[in-house]
1. Can we say B:ALA80 is more than 14 Å from B:LEU126 (Cβ to Cβ) and aliphatic (A, V, I, L, M)?
2. Of all residues in region A:153-168 being assigned to a helix (DSSP H, G or I) and surrounded by 13 or more Cβ atoms within 10 Å (Cβ to Cβ), which is nearest to the chain's Cα centre (by Cα)?
3. Kindly establish whether A:ILE221 is at pLDDT below 95, surrounded by fewer than 22 Cβ atoms within 10 Å (Cβ to Cβ) and touching a Pro at 6+ places or on another chain (Cβ under 9 Å).
4. For residues in region B:34-62 being in a loop (DSSP other than H, G, I, E, B) and not β-branched (Val, Ile, Thr), which is nearest to DNA strand C (Cβ to nearest atom)?
5. With (1) over 23 Å from A:PHE242 (Cα atoms); (2) of a type in the set (Val, Ile, Thr); (3) modelled with pLDDT under 95 as the list, and A:VAL138 as the residue in question, which single condition is left unmet?
6. Scan region B:214-256 for residues that are assigned to a helix (DSSP H, G or I) and either among the basic types (Lys, Arg) or closer than 17 Å to B:ALA124 by Cα (or both) and report the count.
7. Search region A:12-33 for residues being assigned to a loop (DSSP other than H, G, I, E, B) and more than 10 Å from every other protein chain (Cβ to nearest Cβ), and hand back the single one that is nearest to DNA strand C (Cβ to nearest atom).
8. So how many residues does region B:169-197 have that are closer than 29 Å to A:LEU77 by Cα and not in a helix (DSSP H, G or I)?
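The values are calculated or read from the model by the stated rules, or taken from the named source; none is laboratory data. Everything numeric in this text was worked out from a predicted model, so none of it was measured. Note: ideal-geometry Cβ built from the backbone for every residue, glycine included; neighbour counts use all protein chains shown.
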There are 2 protein chains.
Amino acid sequence: MASEQVTPPLYGTVLLKAKAILDFILNTPTPPNLKEISDNVPMTKSTVFKILKTLEFCGFVRCLGEEKRYYLGTTFLSYAQKTLSTFDINLVAKPFLAQLRDETNETVNLGILDTSDSTVTLLAKLESPNSINLVSRVGKGMHLYSSAMGKAMLSCLPENEFDAYLTKTDLVPLTEDTITDKKQLCENIQQAKANGYAIENNENQKDVLCVGFPLYKDGRIYGAFSVSAPRYRVAEGNLALFIEKGRIAQQNILAVI
Amino acid sequence: MASEQVTPPLYGTVLLKAKAILDFILNTPTPPNLKEISDNVPMTKSTVFKILKTLEFCGFVRCLGEEKRYYLGTTFLSYAQKTLSTFDINLVAKPFLAQLRDETNETVNLGILDTSDSTVTLLAKLESPNSINLVSRVGKGMHLYSSAMGKAMLSCLPENEFDAYLTKTDLVPLTEDTITDKKQLCENIQQAKANGYAIENNENQKDVLCVGFPLYKDGRIYGAFSVSAPRYRVAEGNLALFIEKGRIAQQNILAVI
DNA sequence: TATAAAATTTCTTATACAGAAATATTATAC
DNA sequence: GTATAATATTTCTGTATAAGAAATTTTATA
């Protein structure tokens, strides 16, 4: 849906063919042999064969057994490890968050879950063009129970992990509206789960309202982002805009993760 | 060293170039930009650029940030998952184990660690050409503390996991030579770790001697294999042969895992 | 042993590729 | 704010390479 590049490049047809073959192996329950592959990708048997042999040479596939079935290779294990170790949600999400900032004219934050002490680590803050800004600092840890991003991420936790968090955490009040009752927090998180976003209204920082969106995909919590504004600037229509545009940003980011 | 295919295939030069680029990104601590890549692979900048754009289109790399640095893509996460879920140590190891069987003229076994109940599951049994064979059945579970493959795998466990195993396990005797003393087992495993192989002499099955080799790589225990023979057939020189040829098979298998 | 099916190899022309060099886009110095 | 340098991207062209048809070898099955 986004206006991204969808036309294949005019270079590297072999790469595109190789990917089609790899994807076919990926999506086939039992490892296929040459015939099964060439029957299911738009290439002749000899072309598939030659590409497979090169992929095998590269360690991208392995051909095993008397039936000569093709398996994805162990090379991908190293690549995947590197992908994870250098994955930068900050860089991935930033363009979409900048757009969200421009659409809402408010400050947009990006955070990740710090599992060591169950807090939100603020990775990036895209300042509102409006003059009066909020006091937040990149790197600062916030509580999960009081912040919009934190509550958004809580809403994605598996039940047992959420229970563990609830058990071990003291809900220390930060403002007069901080939720300090565990049952109430539970309900609040349930609501966030149902909505797909979490609202924090004067709970974490005085006179600030935040809408937090989780970045959750394939069972993994990549982080969360939020739109935050001084409460006086958030009228009814404004909040709806935050939610609408936030949801779009969320979809866009998840699509490229 | 093995007489495997080492000559690049005469087809798919773009694939080979693409792999060189991916490998450079893999081995560079901070994600490189175009210039850094093209300075380090034997291609011109424009060639590297065009391949990168196609790799990006395929989801194999992503270009992020103002500095346009290249990261390995998330596509590899799916590929790696599939690699692991279809990984078949049996098929990978079999040719080398068949060779070992022929070199020793004894039965060769392949097993994996069943972590659910801490036993060895026998995956394959390559029968000795000699007439008198041993009683073992594919699928049969053996104890880690009494079998050669089990002890080989124990020698690769991280210390805390080994301690946990020792604590929870009753060393029930299977023969008159089964090690039933935990301290003695500890020393035996230490010895196996130092040797790189484990010997089981009449401990698991009466009148049988086994030499077990672990298949351990990158912190992962893929399984173990063993050469097993009736004790009366194992003279001094024979045992040395088992160890020598077993080590070679182990190296060969680990090289292709 | 005969037959079928699948895997390799051979061969050839159109085409996709590689690199040089020009251009555009940044970053940085002045 | 302009000049300069560094990097990224595009254009262009001869040549190497890829794609497919078909023959051949290998392997499975009757």
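1. yes
2. A:MET153
3. Answer is yes for this residue.
4. Looking at the filtered set, the residue picked out is B:MET43.
5. With (1) over 23 Å from A:PHE242 (Cα atoms); (2) of a type in the set (Val, Ile, Thr); (3) modelled with pLDDT under 95 applied to A:VAL138, the lone miss is (1).
6. Number satisfying all stated conditions: 8.
7. Once the filter is applied, the top-ranked residue is A:ASN33.
8. Residues meeting the conditions: 2.
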